[in-house]
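Chemist: One structure coming up, written as structure tokens, with questions to follow.
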Amino acid sequence: MDVVVIGAGQAGLSTAYGLRRAGLDFVVLDAEEAPGGAWRHRWDSLRVSGDAFAAHRIHSLPGLEFAPEDPSRPANEVVPEYFAAYEKTFALPVERPVRVTAVRSAGELLAVETDREAWTTRALVNATGTWTHPFVPSYPGAAVFRGRQLHAVDFPGAEAFRGQRVVVIGGGTSAVQFLLQLAPVAAATTWVTRTPPRWREGPFDSDAGRAAVALVEERVRKGLPPRPVVSVTGLPLTPAYREAIDAGILDRRPMFSRITPDGVEWADGTREPADVLLWATGFRPAIGHLAPLHLRSPEGGIALDGTRAVLDPRVHLVGYGPSASTIGANRAGRAAAHELAEYLRPAAA
């Protein structure tokens, strides 16, 4: 192939659109059973708009507007339907389910090893996102906790926690949404974050968005592990969130120092009993299959120039670092496709 794209989420599909327009020979390898990427696995209460449980804004993929007839339906239904329509509309060559196990250098080409067969390619776009790599920090006592511990990726819905005492750990939008859903049914909820939440009032305009992306982009350019864009944007102080603050639902406590068999404990000896620890602590880039290429810098991340890996110009990462958002993935996908068309043109000629 000219290009192999790994992943058929927002980043992979936007890249595929650009590659199709450039006339390149490419394939998209997707580990999912059906279209939708990570959206297939989001919790049922998440919506694409309209209430306190809405996702961050979902931008249309290039060439086809995202306009669900009923945005009140679960996001894990309407977004996969949109992705499926997108693949069909532009006849994108998506192969699934295909799980990529390793990418290796094979002379001038790259060898993409999978659980089905192998592909060789002149260039690669990694668009695997983060959903398959949830992060739970290590804390003393975690192994002795007698209750349930689960990550946000496995959130089964609020009803599963009825009558239980739940500690929600994490300072992002997911944690806040979980707390609002749990408060009416749980026996008690406790919100714990490493740093105090930064509430953002007013609209998040394009200037603020560019400033946030620039902060993440600077880390990636230096080869540092990327931080999610949302980590530098703060939490929107919506009417629903303000009401929850006033009601004491979003009463944040600092991070505990250890986990006990029956709950959590702070350094001053204060304890909070718990039946469940819900870790809304984010994700890490799912890039283990790129390890044979030795792209990581000494700082632990992959240094990028735009979307191109500094250590190997054949490799682009989309949906990584500053492009790990729906609009960021769109822009990065188009940029990667354009740059690869220029890069591969001499070989094609």
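Chemist: Somewhere in region 94-101, is a residue modelled with pLDDT under 95 and more than 21 Å from the chain's Cα centre (by Cα)?
Modeler: No, region 94-101 contains no residue that is modelled with pLDDT under 95 and more than 21 Å from the chain's Cα centre (by Cα).
Chemist: So in region 277-292, with the set limited to residues that are over 30 Å from Phe178 (Cβ atoms) and surrounded by fewer than 21 Cβ atoms within 10 Å (Cβ to Cβ), which one is farthest from the chain's Cα centre (by Cα)?
Modeler: That would be Pro292.
Chemist: Let me ask something additional. Are any of the residues in region 264-272 outside the structural domain of Gly37 (by TED's automatic domain parsing), hydroxyl-bearing (Ser, Thr, Tyr), within 30 Å of Gly163 (Cα to Cα) and not in a loop (DSSP other than H, G, I, E, B)?
Modeler: No, region 264-272 contains no residue that is outside the structural domain of Gly37 (by TED's automatic domain parsing), hydroxyl-bearing (Ser, Thr, Tyr), within 30 Å of Gly163 (Cα to Cα) and not in a loop (DSSP other than H, G, I, E, B).
Chemist: On to the next question. How many residues does region 171-182 hold that are part of a loop (DSSP other than H, G, I, E, B) and of a type in the set (Val, Ile, Thr)?
Modeler: 0
Chemist: To continue, here is another question. Touching a residue at least 40 places away in the same chain (Cβ under 8 Å) and either touching a His at 6+ places or on another chain (Cβ under 7 Å) or in a strand (DSSP E or B) (or both): which single residue out of Ala240, Ala286 fits that description?
Modeler: After applying the criteria, what remains is Ala286.
Chemist: Looking only at residues that are surrounded by 14 or more Cβ atoms within 10 Å (Cβ to Cβ) and farther than 19 Å from Gly319 by Cβ in region 59-72, which one is modelled with the lowest pLDDT?
Modeler: For region 59-72, the residue satisfying everything is Pro71.
Chemist: Tell me yes or no: at least one residue of region 56-64 is more than 20 Å from Phe283 (Cβ to Cβ) and charged (D, E, K, R).
Modeler: no
Chemist: Checking the condition crowded, with 18+ Cβ neighbours inside 10 Å and either in contact with a strand residue (DSSP E or B) (Cβ under 9 Å, 6 or more places away or on another chain) or not in a strand (DSSP E or B) (or both), which residue from Val185, Val166 passes?
Modeler: The match here is Val166.
Chemist: If a residue must be hydrophobic (A, V, I, L, M, F, W, C) and either at pLDDT 90 or above or part of a loop (DSSP other than H, G, I, E, B) (or both), how many such residues does region 188-221 contain?
Modeler: 4
The values are calculated or read from the model by the stated rules, or taken from the named source; none is laboratory data. Computed from a predicted structure; not experimentally measured. Every residue, glycine among them, receives a Cβ derived from its backbone with ideal geometry; neighbour counts consider all protein chains shown.
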